[in-house]
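Everything on this sheet refers to the single structure shown next.
Quick note: the coordinates plus some simple rules give every number you see, no bench work behind them. Since we're looking at a predicted model, the values are computed, not measured.
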Amino acid sequence: MSDEESTEYYTLICDDPSHEVVLVDCGAREMDVVLAVRKVTGQSLWHSRDLARQAPVTLLGGLSAYRAQSAVAVLQSAGARAEWRQEPEPGERAAPSP
């Protein structure tokens, strides 16, 4: 590179950080929740049942806020307790749950 050429570096900042969907509790309607987990994750019925029984568990990650909210709405309509959270940035420690 010659003295006349210069290099510019830019830091890109994402306005919409990625979000994750967490199944907090399966609730009383386990089969309905299993079917909802299958719908939002695309997993098999067997894997969806295992995920539902492992609650609290993170079902999906790397989603936009809209997609995360939509997945939570599907789970909640089936009777589950679910929430969407902003994923921690790489290198950040997640705050402990109360």
- For Thr58 and Glu5 in the same chain, what is the full-extension length gain: residue separation times 0.36 nm, less their Cα-Cα distance, in nm? 14.3 nm
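How would you classify segment 31-88 from its alpha-carbon gyration tensor, with a ≥ b ≥ c the square roots of the eigenvalues: rounded for a/c under 1.5, else prolate if a/b is greater than b/c, otherwise oblate?
prolate
Once the piece of chain linking Ser77 and Glu30 is laid out straight, how much longer is it, given 0.36 nm per residue of separation minus the C-alpha distance between them?
Residue separation times 0.36 nm, minus the Cα-Cα distance, leaves 15.7 nm.
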